[in-house]
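Read through the structure below, which is laid out as structure tokens, and then see the notes.
Bear in mind these aren't lab numbers, they're just calculated from the coordinates by the rules spelled out. Keep in mind it's a predicted model, so treat the numbers as computed, not measured. Note that we place each Cβ from the backbone using ideal geometry, even for glycine, and neighbour counts take in every protein chain shown.
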Amino acid sequence: MAHSSNEYSQLESLFSVVMPPNGSQRSRLESLPENRSYSYGLPISEYDIREAVAKEAKARKLWRYKALKNMQIDNIEHSSCFHYVLESFTEQRSIAEATEPYTVGAYIDNAPYLERNADMDNVPSSSGASRSPVHENGQINPWEYIIEPSQDFVAQTRVIELPGSSKLTTCSNCNAEGQQHCFHCRGNGTDKCNYCRGTGMKAGVAHPAIYTHPMIGTFPHADTNMGYPGSGSVIVRPADKRQSYAAGTPVHFMMKAGLPPPGIGQHDLCIFCRGRGIKDCSHCKGQGRKSCITCNGTGSVKVYTKLKIFFAVERSDFFTESEIPQHLFHFATGDQVFYECHPYVLPLKKFEAKEVNEGSRKLCAEHLQRSLGSTKMLKQRHFVDAIPVAKVYYTMGKHSGTFWVYGKEHLCYIPKKSSNCVIL
């Protein structure tokens with residue numbers, strides 16, 4: 001049974017996968033030892049068998065305790081179910097262009113702080129000259145630098161800046177000015193007061209003495225096209241650069257009539273806008289312009305190549321044939337009779353079970369074939385667990401049958417009897 005890793009399909013589309021060099025794969029292929037040894041554990045004892053069947057019978061309510069106590073074990077056949085596991089620890093690298101705001105002291109190239117891959121020096125270039133981290137087309141090779149995983153055989157993702165790829169450029173969003181137009185207030189620096197709803201009154205309702213005055217003749221929210229998006233207030237901006245105010249407000253009345261509105265005191269005005277009906281824009285703080293979000297107001301951005309290193313574990317395993325259903329072996333453990341870890345592992349050839357040798361050869365070939373594409377093989381390991389199996393022949397009164405006890409947990413498998421009921 002093989003479990004193919006699907007992590008590589010989850011890479012973001014903005015990253016482009018970079019193929020590893022072929023020479024680095026060949027140079028890591030080592031001669032592996034053939035003198036492999038195998039060790040096996042102890043078989044399951046009769047005492048453990050009786051304990052296991054008693055526990056299973058009680059859980060499934062098959063037999064009574066007295067019947068189990070008088071059960072006679074006729075014969076025990078000991079065997080092993082081999083569980084072969086192959087794991088490949090692979091690496092894949094992809095790149096994507098990125099930008100970030102420039103800050104003083106942060107523009108430092110980290111190329112001297114990363115170790116170069118010595119295996120890449122043995123791979124000749126197309127011109128036959130010595131290799132350098134920069135390709136002939138001016139691009140940097142992401143595989144030139146060694147980046148170690150934090151832990152082997154653990155899926156992990158790291159995103160770093162590709163050494164030597166950063167450069168400083170002007171911000172195209174603000175044209176190197178560091179500030180951009182505030183689109184919320186349309187560059188005016190004011191917005192409708194939310195407390196009085198643009199009326200300038202504490203009650204939030206426009207006073208009739210204001211908008212019915214012949215010199216005013218304007219009701220608040222009369223022309224929404226002259227206001228801000230969603231504000232519904234007409235804004236009056238004096239030519240002498242005095243403070244702006246909303247139409248139909250107490251300040252509008254005083255500017256037109258030259259005296260306060262009749263019957264309205266200071267206590268009736270909005271405590272936040274003081275009768276203006278508008279307030280400073282909360283986005284630009286009343287300036288009409290705000291700091292550029294792309295460069296953080298510096299006017300410069302750092303353009304670099306983002307390198308994504310994706311370490312994945314591909315795992316394949318299978319169980320040898322047994323009279324016990326194979327899905328039950330996933331809950332059992334056994335003794336590890338063989339373990340091997342190398343940059344590349346060779347398939348088993350001299351194991352006692354030919355089924356293990358054949359399965360090992362097939363899985364090793366599949367993993368090696370998949371690593372020849374956009375991934376690089378870092379390490380491989382495979383091991384064999386021998387799960388002890390005891391086939392028990394028993395007699396209980398006039399009835400005889402078989403059951404199995406398996407695993408170091410002494411799990412019990414009692415086959416269900418076929419029903420004698422026949423529906424015609």
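Restricting the calculation to Cα positions, tell me the Rg (one decimal) and the Dmax (whole number) of the stretch 276-424 in Å.
Final numbers for Rg and Dmax: 31.6, 103 Å.
Set the bar at 20 Å for Cα to Cα. Now go through LYS192/LYS285; LYS354/LYS408; LYS61/LYS408; LYS202/LYS285; LYS66/LYS398; LYS362/LYS391 and name every pair that lies beyond it. Before the final figure, lay out the partial values.
Numbers: LYS192/LYS285 13 Å; LYS354/LYS408 24 Å; LYS61/LYS408 24 Å; LYS202/LYS285 23 Å; LYS66/LYS398 15 Å; LYS362/LYS391 30 Å.
Over 20 Å apart, Cα to Cα: LYS354/LYS408; LYS61/LYS408; LYS202/LYS285; LYS362/LYS391.
When N is the residue count of the stretch 230-305, what does its C-alpha Rg come to as a fraction of 2.2 N^0.38 Å?
On the way: Rg = 18.6 Å, N = 76, 2.2 N^0.38 = 11.4 Å.
Normalised Cα radius of gyration, the stretch 230-305: 1.64.
Using the Karplus equation 6.51 cos²θ - 1.76 cosθ + 1.60 (θ = phi - 60°), what ³J(HN,Hα) coupling, rounded to whole Hz, does each residue of the stretch 317-334 give in order, writing x for Gly and Pro?
Karplus-based 3J(HN,Hα) across the stretch 317-334 equals 8, 7, 10, 6, 5, 8, 6, 7, x, 5, 5, 6, 6, 5, 9, 10, 10, x Hz.
Return the distance in nm (one decimal) between the two label points of a simple spin-label model at ASN194 and HIS327, each offset 7 Å from Cα along Cα→Cβ.
It works out to 5.6 nm between the two label points.
Between ILE271 and ASN75, what length in nm is gained on full extension when 0.36 nm per residue of separation is reduced by their alpha carbon distance?
Working: separation 196, 0.36 × 196 = 70.56 nm, distance 9.63 nm.
Value of the extension gain: 60.9 nm.
Modelled label-to-label distance, ALA176 and LYS285, 7 Å Cα→beta-carbon offset: nm?
2.6
Sort the following peptides by mean Cβ neighbour count (other Cβ atoms within 10 Å, averaged over residues), highest first: 375-381, 247-253, 315-321, 195-201.
Values: 375-381: 19.4, 247-253: 26.7, 315-321: 17.6, 195-201: 24.7.
Ranking, from highest mean packing down: 247-253, 195-201, 375-381, 315-321.
Using modelled backbone amide H atoms (1.01 Å from N, in-plane), which distant-in-sequence or interchain residues come within less than 5 Å of PHE383's amide H?
VAL85
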